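See structure below.
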Amino acid sequence: MAFQILISDPLSEDGIYPLRQAEGFNIVMETKWTPEQLGEQIGEFDALLVRSQTQVTRAIIEKAENLKIIGRAGVGVDNIDLEAATERGIIVVNAPDGNTNSAAEHTMAMLMSMARKIPQAFHALRNKTWDRKSYVGVELKNKTLGVVGLGRIGAEVAARAKGQRMNVIAYDPFLTAEKAEKLGIDFGTVEEVLKAADFITVHTPLLKETRHLINEAAFSIMKDGVQIVNCARGGIIDENALYHAIKSKKVAGAALDVFEQEPMVDFRLLDLPEVVATPHLGASTIEAQESVAVDVSKDVISFLTSGTVRNSVNLPSVPKEIMAKIEPYFELSERLGIFLTDLADGTAEEVNIQYSGELANMEVGPLTRNTLKGLLKRHLGTHVNDVNAMYLANQKGIMVNESKSTTSRGFTNLITVEVKTAKGTRKAAGTLLNGQGARIVKVDDFIVDVVPKGHLLFIRHNDRPGVIGRVGTLLGTEDVNIATMQVGRSNEGGAAIMMLSIDKAAQQSSLEQLKNLAEIEEVTAINL
Ligand SMILES: NC(=O)c1ccc[n+]([C@@H]2O[C@H](COP(=O)([O-])OP(=O)(O)OC[C@H]3O[C@@H](n4cnc5c(N)ncnc54)[C@H](O)[C@@H]3O)[C@@H](O)[C@H]2O)c1
Ligand SMILES: O=C(O)CC[C@@H](O)C(=O)O
């Protein structure tokens, strides 16, 4: 059956060409649905592609029973409830690079339009008024541009401003002295940037921390006559504070591409002659729209067909070459998780995963998520996946520790998983044997060699003559055929174990009878 793809915002036809070309994808383009209609229909779709208009809320996500991936053709994902998507195991991808250039060019266009009052002058001329006095601007040359947020777009804007012979000062929590020096710019705290600048441009994402970053207090420390640009996200600048700052002549100009509410409902700012504005056009170029749509289309195809993506927002992206190296361990790590869920008595409180041997040099995050998936899915169901495994573990208060060691006790690779519950600690280690697949090689402190597949019985007993025979006889009378049996002991007459692989799941009554045999301490059925 074909994957059902919904495109709910206008995307470039050339950009979605990869999706149209790929086999097994049925595309529905519906850009006029109301949120209610979207909620009614979303259950049928495997993938949803949006720009910034569609609000992918928790309510929508909760109805998205089949949804596996949300693709955002652009950078900002503030129109998508990421927490709700992660909780439901839906991967969110974006296209972070495709519109950087267009957004930077638009920022420069807005900066220059504002400085030279081009839109206002054009508007007057359109109204047949030849007025040269009212539209005297200021030069950019030798002025200081303050850049708040020096990521992809901020850095491109800084480089272009240098071309305009501006001095640039920037603030970004990740801006280092080396990077600033390389770009030929100054850097400082956000307050230092706001105080020093003649022009300010913001390029942060809209987050809790950046909402109203530019507020009344921020305006109060700026130079009189400062001009400000927002081509990032509405809400980074407090529009009400901006309105008053312009009215009081503190701010001489504002160039806005984005607004606290879009489409715009409050037009008060546009009544002010100091304001120039566009309706969120930063990424609206043929090149950017094609590029972002191609990027998300490719990620959607790749995720639905092979489970890999390049630009995940809620799951760390792992390069293809690295993925190819760790993929063979996926089954082993998930089965170790399931094995320990069955073996451990009680709720996991702490999970320690150690990667040894050649795994110590690899990116093992996906293996940890796979182990957690195995641990959690017995109780939480099949909706547990790579995207939400870590989230669900955190939500359940399970502490997850990952460690690496280059020594691996004779194995080329070894994954050791330890699960702590209120009743104790259980441990299992597994390896991938060259050409022979996965093996569990240690359970607690006992050495074993078990294929982690099918129905297993773990029996802990005291090492006494006749115990193994009694177990075999009892299972025989219960019609349970033993395929393989491993035994191990700590020392002669001490603690011992049996690991049996059986052809069908043992009945609860058979397990009870086994537990009642003399010298048997524990019987656990494990179904992998
Ligand atoms: N107008 C448009 O059409 C349009 C187009 C593309 C992108 N955008 C928006 O532009 C913004 C930047 O996009 P980008 O691709 O450069 O993103 P980016 O992730 O490359 O850069 C964002 C930078 O902001 C920094 N940052 C975060 N919190 C900060 C804070 N409190 N103070 C200062 N810096 C902070 C980050 O460290 C990062 O370097 C986003 O909000 C994006 O949605 C708008
Ligand atoms: O979809 C758009 O045109 C806006 C995109 C832009 O705001 C972004 O964050 O990438």
Would you work out which of Ile185, Gly149, Leu175 lies farthest towards the positive end of the dipole of the range 100-277? Charges go on Cβ: Lys and Arg +1, Asp and Glu -1. Ile185
As an exercise, identify the trypsin sites (Lys or Arg not before Pro) in the range 341-443 lying in DSSP coil whose Cβ has no more than 12 other Cβ atoms within 10 Å. Lys423
How big is the range 158-272 along each principal axis, measuring the range of its Cα positions in Å and listing the largest first? 43, 28, 26
Taking the C-alpha atoms of the chain, how large are the radius of gyration and the largest Cα-Cα span, Dmax, in Å? 30.7, 110
Suppose every K and R has +1 on its Cβ and every D and E has -1 on its Cβ; what is the size of the dipole of the range 80-148 about the Cα centre, in Debye to the nearest 20? 820 debye
Student exercise: in the range 330-527, how many lysine pairs 8 or more apart or on different chains have Cα atoms under 16 Å apart? 6
Pull up the DSSP beta bridges for the chain and report the antiparallel fraction as a percent, rounded to 5. 50 percent
For the range 1-59, I need the span (max minus min coordinate) of the C-alpha atoms along each principal axis, in Å, sorted largest to smallest. 31, 26, 16
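Mind putting a number on the dipole of the chain about its Cα centre? Charges go on the C-beta only, +1 for Lys and Arg and -1 for Asp and Glu, and I need it in Debye to the nearest 20.
Charge dipole of the chain: 1080 debye, to the nearest 20.
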Among Gly137, Val28, Thr308, the residue whose Cα sits farthest towards the positive end of the charge dipole of the chain, when +1 is placed on the Cβ of each Lys and Arg and -1 on the Cβ of each Asp and Glu, is Gly137
How far is helix 467-477 tilted off the main Cα axis of the chain, in degrees rounded to 10, range 0 to 90? 80 degrees
Report the one residue of Val294, Val275, Val471 whose Cα lies farthest in the direction of the positive end of the charge dipole of the chain (charges on C-beta: Lys and Arg +1, Asp and Glu -1; origin at the Cα centre). Val275
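Write down, largest first, the equivalent ellipsoid semi-axes of the range 314-371 in whole Å, where each equals the square root of 5 times an eigenvalue of the alpha-carbon gyration tensor.
Working through the eigenvalues yields semi-axes of 23, 12, 11 Å.
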Given only helices, namely DSSP H runs of n ≥ 4 each adding -39500 (n - 2.57), what is the per-residue ellipticity at 222 nm of the chain, to the nearest 500 deg cm²/dmol? -9500 deg cm²/dmol
Give the distance, in whole Å, between the Cα centre of the range 33-92 and the Cα centre of the range 182-206. 34 Å
For the range 330-527, report the % of Cα-Cα distances exceeding 21 Å. 52 percent
Lysine pairs in the range 43-162 with Cα distance under 30 Å, only those 8 or more apart or on different chains: how many are there? 10
Any chance you could give the angle, 0 to 90 degrees and rounded to 10, that helix 365-380 forms with the longest Cα principal axis of the chain? 70 degrees
In the range 89-187, the trypsin sites (Lys or Arg not before Pro) that fall in loop regions by DSSP, at most 10 other Cβ within 10 Å: Lys128, Arg132, Lys133, Lys141
How long is the range 279-431 along each principal axis, judged by its Cα atoms, biggest number first, in Å? 60, 33, 24
When Val28, Val387 are arranged by how many other beta-carbons sit within 10 Å of their Cβ, fewest first, they go Val28, Val387
Quick one: Trp33, Trp130, fewest Cβ neighbours within 10 Å first, how do they rank? Trp130, Trp33
Let me spell out the model: positive unit charges on the Cβ of Lys and Arg, negative unit charges on the Cβ of Asp and Glu, origin at the Cα centre of the range 75-203. What dipole size does that give, in debye rounded to 20? 1040 debye
Take the Cα pairs of the range 1-158, get the Kirkwood Rh, then feed it into Stokes-Einstein at 20 °C and 1.002 mPa s and tell me D in µm²/s. 114 µm²/s
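Here, each number is a calculation from the coordinates, and none is a lab measurement. Since the structure is predicted, the reported quantities are computational estimates derived from the model, not experimental observations. Counting neighbours? That spans all protein chains shown, and the Cβs are built from the backbone with ideal geometry, glycine included.
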